[in-house]
Each structure stands twice: as C-alpha cells, then as structure tokens.
1. Please report, in cubic angstrom per residue, the volume enclosed by the convex hull of the alpha-carbon atoms of the stretch 134-257.
2. So how do TRP340, TRP371 line up by other beta-carbon neighbours within 10 Å, fewest first?
3. Compactness ratio of the stretch 216-311: Cα Rg over 2.2 N^0.38 Å, N = residue count?
4. Compute the helix-to-body angle for 16-26: its Cα long axis versus the longest principal axis of the chain, expressed 0 to 90° and rounded to tens.
5. Can you put SER717, SER137 in order of Cβ neighbours within 10 angstrom, beginning with the fewest?
6. Helix 572-584: angle to the longest alpha-carbon principal axis of the chain, degrees 0 to 90, nearest 10?
7. For the stretch 92-135 and the stretch 498-516, write down the distance between their C-alpha centroids in whole Å.
8. Which aspartates and glutamates does LYS857 reach when only Cα atoms under 14 Å apart count, and residues fewer than 8 places away in its own chain are ignored?
Amino acid sequence: MDERKELKVTTTNLPKHIDGFIRYLSHPNEKANEDLAISYFRYLFQEKFTRQEDASRSDGYVPGHFVLELKGKISDWYAGLIQGLAYKKTLDFAVVVVAAEGFLAIWRVDDIPDEIQEAILNKKSAPSKIGKELALSFKHLKQKILKKAIWHDEQLHGLFLSDKSLVIEKIKSFEKRLNACKKVREKITINNFTKILKIMAEYFDKTQPIKTVGAFYAMIYSWNEHSILMLSNRNPTTATLDGEPINYLIPDKRIKFKEFVENYYVSLSENENMDDFFAQYDKALDTVDKNFRIQNGIFFTDLDLSKFAMWLVKQNIPDLGKNYIVIDPACGSGNLVTNWRSPLQLRHKVVSEIEPELLYAVEKRMKGDTWHNGKFTVVPKVEEAKGLNFLDKSAQQYIEIINNALTEKGLKFNKPIAFLCNPPYRGDDDRTAEKPNYEVHTSIIDVISEEAKAERYCCFLAQMKLICDHAAKSNLPDNSVLLLFTKSGWLTNRLTFDSLRRAIFKSFDFVDGILVNGKEFFDIKGKFPIAFTIWRYKEKLDNSSENKNPILLKDVTWMTKKQLKNFTWDNEETLNKACKSLLANPLSISVSLDKKVTPIRDWISQKQKMFQRSRRKDERGNNKVGGLPAKDKRLDNKCAYGESNGLSIGFMDDLTPCRIKESTDNIPWFRLNAQFMDCNRTRCFSGRPDQKGYCAIDYESAVKVFLWYSISRTFASIGYPLWADALLLWAPPILKNFENIAIKYAFAIGLAENECVETIFPANNPIKNAPQIYCANPMAPTNPDSFWSKIMAAHFSKSSESLPDQLVKAVYLFYDEWNKKFKVNPEIPISYQRQYFVDKGILKPTAGIIQIKDFAKEMNDQTLLELYANLQKLLKETKQSFYNMLIDTKAINYFGNSKETQLIDHDIPKKHLKYDVFEKRLILASMIVNSLSKSKGFGRTKFAKVFYIADMLCNQPKQIT
Ligand SMILES: C[S@@+](CC[C@H](N)C(=O)[O-])C[C@H]1O[C@@H](n2cnc3c(N)ncnc32)[C@H](O)[C@@H]1O
C-alpha cells in the first residue's frame with residue numbers, strides 16, 4: 001500500500017498542526033514535510049519561534065527555551081543533537097529538540113557531558129559540520145546520551161499507522177515536557193547581587209578576588225534576559241558578554257560559568273538605576289574578599305554625605321562646578337566624584353586611582369550615566385589596565401600626566417584645580433593592612449617628615465599642596481582649592497603633624513569644615529571622626545606658617561546616615577533649609593582641634609619609663625633574650641623585655657611578670673596612654689609596665705597619676721565626645737573647690753579598678769643564678785604599710801555615703817571576706833595556672849583584687865563572687881558619676897566652657913546626668929577645708945583630718961543648714 005495514502009487515511013481527524021508534524025516524522029526527507037514540522041512549532045510558539053538567519057541557521061529556536069534540529073534519517077539524531085548544542089555559542093536555550101524519521105527527543109543542555117561541550121567550543125567550523133565530526137568522535141557515548149534524553153520516542157513511525165489516539169497522547173506528552181523546560185532566569189537585583197557575586201566568584205581566579213568584582217561590573221549593563229556569554233576558543237580564561245571582555249576565568253569552569261550567566265539577568269525596579277550597583281562597590285568587594293578593603297584602606301564615601309559636603313562647598317565656592325577642573329586622585333569606585341551633580345554640577349572631572357580595577361569601574365559608571373558622559377577623563381586610560389599612583393612621583397610629573405591626558409582629549413588645563421579627595425585611611429603601622437609596595441616621593445617626605453609619612457592621607461595632603469604650588473609657579477591658573485575628607489589627626493596640634501600643618505597653612509587659607517562620625521558613614525572599624533575641610537590657595541603667599549583663620553569645625557558627629565538619607569537633594573530650596581537647620585542645631589557645636597591646653601603628659605612632669613627595648617648588639621641572633629619567664633615565647637621576639645638577671649618585677653599587658661632592672665617597688669605603676677582614642681589601654685600594675693610607664697611615689701604624684709588613670713578609665717567605659725578622639729588628653733582644669741572630691745574619685749576608682757598582684761619571680765629563671773624576687777601589692781588595704789594604706793586611704797571614711805566612699809567600702813568588705821580564709825594558715829597554695837604566677841602560686845591576705853576574684857571563680861566561692869559583683873556595680877556607678885562631674889560646665893568642665901567648644905548633652909549618656917548629691921556636699925566640705933588650709937602649719941595630715949570631719953558633717957545635711 002502506498003504509505004502516504006495510508007497515512008492520509010489514519011490522520012485525517014487530527015488537528016492540522018499535529019497532522020503536519022506527523023507527516024514530517026513519517027517522511028522527513030520531503031521538503032514540504034519539513035515545512036509542516038516548522039509550522040507545527042510555529043503554531044505552538046507563535047512569533048517566539050524563529051529560524052535560520054534569526055536563529056544562527058538552526059532549524060528552529062525559541063530564545064531562552066530550545067533549539068530544534070530536523071534530521072532525515074533516524075541514525076542522524078546524534079549529529080543533530082551535537083549540531084543543536086553547537087548553537088549554544090550564540091543562542092540562549094535550555095534544551096535541544098531533535099526530530100528525525102520516527103524519532104523525537106529532548107535533551108537538557110546541562111545533562112550533556114562537559115567533554116562534548118568542551119570539544120564543541122574548540123571547533124571553529126559551522127554547527128552542521130561540528131555535529132557530524134563530533135558524532136563520530138564521541139560515537140562511544142551515543143547510547144549513554146540517548147538515555148539522558150528527558151523525553152524521547154524512536155517508534156513514532158509505527159504508531160502513526162496503528163493508533164490515532166496514542167499518537168495524540170504521545171505528541172501531547174512531548175509538548176508538555178517541552179513546555180516545562182522553558183528557562184526561567186533569576187533576577188539580579190540591588191538587594192541580592194552580593195549573594196550572586198559570591199556564587200560567581202567560584203568561576204574566577206581565586207588569587208585575585210577583585211577580578212570577580214571587576215567582571216560583574218563589566219557585565220551589568222549588558223546582562224539581560226537574553227544575554228549569551230561567548231566563550232573564547234583561543235583563550236580559555238576569557239569570554240565576552242555583548243562584546244564586553246571578561247577575564248580571569250578558571251578554564252575548567254568556563255562552561256559552567258556560561259550556564260551560570262545564562263541563568264540570571266540584571267533587573268532594576270522603577271526607581272533604581274545602574275549607579276545603585278556601583279554605589280555598593282564596597283559591599284561587592286567585601287563579598288569576595290573581606291580583607292581587601294581593609295588592607296588597602298578603601299572606604300568609599302557615603303553618597304548622601306558626599307552630597308552634604310557638596311552643599312557645604314556650594315555655600316563657600318558657589319561657582320566650583322563651572323570654574324574649576326575637579327581632580328580626584330584616589331577616586332575609588334567614584335562615590336565621591338560621580339555624586340557631585342546637582343547643585344554643584346561639576347563639569348569636567350579628572351579621576352585617577354592606584355587600583356586599575358577601580359578605575360575601570362569608575363569609567364563604566366560614568367559612561368553609563370548620561371550626565372557624566374563626555375565630562376570626565378580617566379587617567380590613565382582604562383585600556384592601559386594600569387593605576388596611577390599619586391604618591392610616587394613629583395608634583396610636576398603628576399601635572400604632566402594629567403595635562404597630557406587632557407590634551408589628548410582636546411581639552412586644556414585652563415582652570416584652577418579643585419582637589420576633591422577622600423584619601424586612604426590606612427596607616428603604615430596598621431597591622432591589618434599590607435605595607436604599600438612603593439616608595440613615597442622624597443619631595444612629599446620633605447614636607448611632612450618621616451613620622452607623618454606613616455599616615456598615607458598626610459602624604460596625599462602634602463602632594464596636593466606641592467601640585468597647587470607647582471601650578472601657581474608655572475603659570476597654570478592658581479586659586480586652587482582643596483575639598484578633603486581626612487582623619488582629624490592632622491588638625492590637632494600633635495607634634496607628628498606639625499610640618500604638614502605648617503606647609504598647608506603656608507599655602508592655603510582655611511575656609512570651612514565639619515566633623516562626622518566615621519563609623520556611621522564609612523563602614524570603618526572602630527569609631528573615629530572624619531573631617532571634611534575646605535581650603536583655598538592663598539592669593540599672596542605671605543610666608544606665614546600660622547593659620548590666620550581659626551580652624552573651627554562644626555561637630556556633626558551626632559548626624560546619622562538615616563537623617564541625611566531623608567534630605568531631598570534635588571530640591572534646592574528644601575535642601576538649603578534642611579542643611580542649614582542641621583548646622584544650626586544646638587548639637588552642632590564648633591570645635592577647635594588645636595586647643596591651647598597643657599597635655600596631661602606634661603602636667604604630671606614625669607619621665608616615661610619602659611622595659612621593652614631593642615636587643616643589644618651581643619644579644620642579636622641569640623635565642624632567649626630578656627627577663628620574661630623561661631617558658632615565655634616572647635623571649636625570642638625581635639625586641640627584648642627587661643633583663644634576665646633583673647631584680648625588680650615589671651608586668652606585661654597580659655600580667656606576665658618580667659624581670660627588669662632595679663626599679664622602685666611597692667608603689668603603683670601605670671601604663672598611661674596620652675591620646676583619647678587609646679584611653680582603654682590605660683592600666684595600673686604593681687610593677688612597671690613594658691611601655692608608657694609612670695608611677696606614684698608620694699601623695700603629690702599619686703594625685704596626678706591616679707587622676708590621669710581614672711579619667712582615662714572613665715572615658716574608656718563611658719565614652720567621650722567623638723571630636724576629641726585624635727587629641728591628647730589634657731590636664732584636668734580642676735578648681736580648688738573640686739580638688740578634693742576629684743581626688744577622692746580618682747583614688748577610689750584606682751583602688752577598685754587596679755590590676756595589681758602579689759607574686760614571686762622564682763630563682764634561676766629565666767637564667768641560672770637569678771635570685772628569687774618578690775612583688776608586693778601596693779594597693780592592698782590589708783597591709784597597713786601598703787601605698788594605699790599609707791598615702792591614699794586617709795581620704796575615705798566608713799561613715800560617708802558618697803559614691804567613692806561606698807566604693808572603697810565595698811573593696812574593704814571584699815578584703816574582709818578574703819581575710820577570713822587566713823585564720824589558720826597565713827597563705828593558700830594555688831594549683832591553677834594564671835599569667836601572674838610564674839611557677840606555683842601562693843595567695844596571701846594582701847593579694848590583688850583580680851587574684852582574689854580568680855580564686856573565687858575557681859573555688860566557686862559565692863560570697864566572694866557576690867561581693868566582687870557589688871564592687872563592680874559600684875565601680876561602674878562611680879565612674880558614671882565622675883564622668884558627669886568631669887563634663888559638667890559648673891564642675892570640672894573638662895571639655896571647656898567657651899560657648900564654641902563646650903560639650904553638649906548629646907555626648908552624655910542619658911542616665912545619671914547629675915552627679916551624686918553627696919558629691920555636692922563634699923564640695924561644700926572642700927570649701928571649708930580650703931579656707932581652713934590657708935592657716936599656717938596646715939600639713940597634709942591635718943588637711944586629711946579636717947577634710948574627714950567636714951565630710952562627716954556634710955553627710956548630715958540638717959546640721960549643716
Ligand atoms: C578612602 S578610599 C576613597 C575612594 C573614593 N574617593 C570615595 O570617596 O569613594 C581611598 C582610595 O585611595 C586609593 N589609593 C590608595 N593609595 C593610593 C595611591 N598611592 N595613589 C592613588 N590612589 C590610592 C585606594 O585604592 C582607595 O580607592
């Protein structure tokens with residue numbers, strides 16, 4: 001029977017498109033039938049179905065879904081499948097459909113072994129040729145791959161002749177399966193892009209994590225629902241997405257990377273734009289390498305803060321956008337410079353940066369933004385894949401490089417420079433950062449001195465000054481300005497920054513400035529203030545290195561990110577109102593960071609002592625050097641500590657005893673740090689500390705060092721105004737009336753907070769013949785001869801209820817309980833290890849508070865532990881109360897009471913705003929004592945006695961009144 005005739009009879013009642021497809025499956029070699037197969041798919045997928053030219057010459061293609069290959073003979077299905085797969089180079093689909101005589105099948109691309117896909121990639125010929133060639137090369141996999149089909153039937157031919165309903169069932173099942181294979185790409189959004197970046201990092205060179213970030217930003221403009229990643233068959237580490245090169249791929253993973261890319265697309269919702277991705281470049285970096293930014297001091301400027309700074313500039317230099325060439329020599333990802341749009345409308349911007357990947361991102365960012373396009377110059381050109389180091393060249397060289405870049409673009413250096421810069425925050429002494437691998441140009445070091453060089457931002461400031469000087473000298477337009485985000489250290493009168501300050505003041509006048517909270521806006525570790533200051537090049541250099549305008553900065557360290565986020569940056573009128581009211585807020589006090597005050601270090605008039613030292617000539621190369629216990633690993637350190645045969649004991653920060661040269665014993669020793677930012681490093685030990693050592697030898701010195709110690713400890717626990725962070729602590733301006741009460745606080749805090757211990761350094765340790773030495777606890781109230789008992793205790797009375805008295809009482813109670821342990825034996829041998837015991841430990845009634853606390857914990861002695869907890873509670877309250885007195889403008893007024901620099905409530909923790917009522921009485925007592933003390937023969941003992949009586953009286957308010 002004529003087969004065609006037969007088929008006609010059996011399929012007449014089928015839907016037309018299915019009927020046509022069946023005809024093809026029965027006689028695929030006939031041209032007319034091929035058209036019927038195409039019509040079948042077109043019927044199903046309508047205009048989405050494309051073919052031939054529109055589909056890279058495949059037989060059919062639905063983007064994001066499938067590619068179709070029609071073959072004649074059933075034996076050609078394998079070549080057809082591979083041909084279909086070869087279209088993956090240029091088409092985007094999830095499955096391949098192959099139809100041949102009596103044969104229909106669907107394969108998922110992901111199920112085909114990588115070796116076949118790899119081989120396809122390496123072929124340059126047309127897909128039809130690749131299909132034929134590779135079907136032969138991979139003949140051995142043919143059956144295995146057939147089994148991998150997610151739908152297939154090889155006996156369709158027979159069916160057509162027998163069972164019509166079965167035919168329809170089969171075709172319907174094919175359609176259902178095919179429809180289910182439609183690829184659904186996942187969205188990459190502003191909110192989830194870091195998660196996707198993390199997955200993406202798997203495909204890139206792990207040794208250079210920043211390359212993944214670079215690739216992401218290279219792709220975002222062209223990564224859409226239909227984008228296809230083109231892998232290179234020449235270089236297995238590269239690919240392109242819409243012509244955009246992507247490098248540093250791991251060769252073995254590139255096929256998987258292609259799948260990955262084609263499973264996602266970048267999606268923006270209505271109010272978002274691509275710049276929102278760039279604005280989060282720091283997050284992207286952190287995702288792939290959490291240390292990269294820290295190591296390189298990269299902290300991008302918050303966008304709203306950048307706009308606020310721009311508003312401030314506009315108030316001072318309204319024509320900046322028009323009349324200056326703005327240069328950001330450390331542009332990072334461009335947060336600072338790209339945001340200076342309205343209202344300043346920066347015209348031409350020149351950006352450079354040491355890290356080429358960031359430079360590349362900035363270029364992408366500005367190119368993608370019509371506002372910037374054509375109005376910026378990236379130096380060096382991105383194609384050079386190089387960064388531009390701002391610090392390793394002379395000012396002249398830098399200007400030449402910029403000038404050449406501008407000339408190449410047909411632009412002229414015909415306007416004054418405005419340096420807009422947020423230089424790196426890294427200091428060379430920063431242990432979390434890698435040391436920069438370049439030398440700072442000598443001209444810069446000449447300006448700032450070796451010491452300040454360690455802070456990279458100081459080098460930046462000096463280089464900007466040198467460039468502005470050079471511009472002025474070489475007839476380029478002068479009147480340069482500096483618009484700078486910096487740490488605030490250089491604005492203080494610390495000696496380290498002296499040369500830099502003088503140099504800047506010589507060339508520039510201060511215009512305006514603010515201080516913000518770095519942690520709030522820069523995602524930095526720790527809380528420190530960041531200054532934004534504006535400087536104008538002097539019209540006439542007057543050779544004076546003093547700044548004429550006082551550098552008063554508005555303290556807006558209280559300002560939050562959230563507050564600025566709510567500003568309407570594009571409405572000048574409301575913006576002006578909002579910014580002005582922010583600066584007029586009573587919290588926005590003006591502060592001067594170069595206060596003329598006596599540093600506390602000078603006030604105590606003591607020479608700093610230390611036992612950390614460099615190794616001597618004869619010690620270099622030796623294994624164990626210094627006076628630490630024989631087992632201590634630090635004996636091998638580059639620097640040495642103490643002396644192996646020392647006769648006194650000093651203490652390391654972790655309380656390890658160390659033999660040191662003979663020193664004054666039985667007195668409290670302190671490690672006292674001079675800067676506010678280091679006040680939590682302050683300690684009180686029963687021996688000399690390894691560095692920054694000071695001591696109390698008598699009452700006068702005790703007053704001073706205990707005041708320094710207690711002020712530091714108090715600031716460390718309660719806080720201090722952020723603007724003071726980079727300053728040195730200064731001598732407390734204590735008026736006579738407050739002297740005694742301040743001393744009481746200082747002594748009480750010293751008694752409760754000290755870390756003095758009683759210990760022994762055993763003989764023959766760390767070297768033979770070293771004698772045993774003993775270190776007493778100078779703060780033991782249980783020893784009538786201790787420094788505490790003899791010099792300090794007289795200030796306190798058991799009957800007084802003032803906080804310092806209560807605190808001292810709590811310490812005494814703690815010791816009373818401790819004393820009970822020694823009714824039978826004079827000492828307790830200790831079996832546990834602690835840093836302060838070199839060998840076996842022994843505790844006596846005169847042990848240090850921390851030793852008793854450790855014992856109580858080890859023994860689970862609840863009574864002692866409760867007494868200790870009470871002591872700690874009182875210590876906290878006492879420090880709070882002392883703090884309130886320190887900052888109270890009517891009491892000690894530590895932060896000054898000039899209207900401009902006084903401390904405002906926002907820095908004061910809300911509770912305990914008033915210090916203890918008893919302290920007020922004590923002040924009265926002090927006044928009585930002071931007036932009595934003017935009489936002759938009024939020595940310290942008498943003074944203490946009268947003070948005690950006055951204090952007693954003050955505790956009975958009725959009698960006083
Ligand atoms: C604190 S970030 C500021 C980035 C950008 N201006 C912003 O505000 O978002 C400092 C930038 O300085 C760059 N940098 C560090 N040392 C540099 C040098 N010697 N020359 C040029 N740029 C440098 C870092 O790569 C980093 O991007």
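No lab work stands behind these numbers, since they all come straight from the coordinates. Bear in mind that the values here come from a model prediction, so they are computed numbers and not experimental data. Note that each Cβ is placed from the backbone with ideal geometry, even for glycine, and that neighbours are counted across all protein chains shown.
1. On the way: hull volume 20.6 nm³, N = 124.
Per-residue hull volume (Cα only) is 166 Å³.
2. By the 10 Å Cβ count, ascending, the order reads TRP371, TRP340.
3. Normalised Cα radius of gyration, the stretch 216-311: 1.31.
4. Helix 16-26 sits at roughly 80 degrees to that axis.
5. So the residues, fewest neighbours to most, are SER137, SER717.
6. Between helix and principal axis, roughly 20 degrees.
7. Taking the Cα centre of the stretch 498-516 as reference, the centre of the stretch 92-135 is 69 Å away.
8. The qualifying aspartates and glutamates are GLU866.
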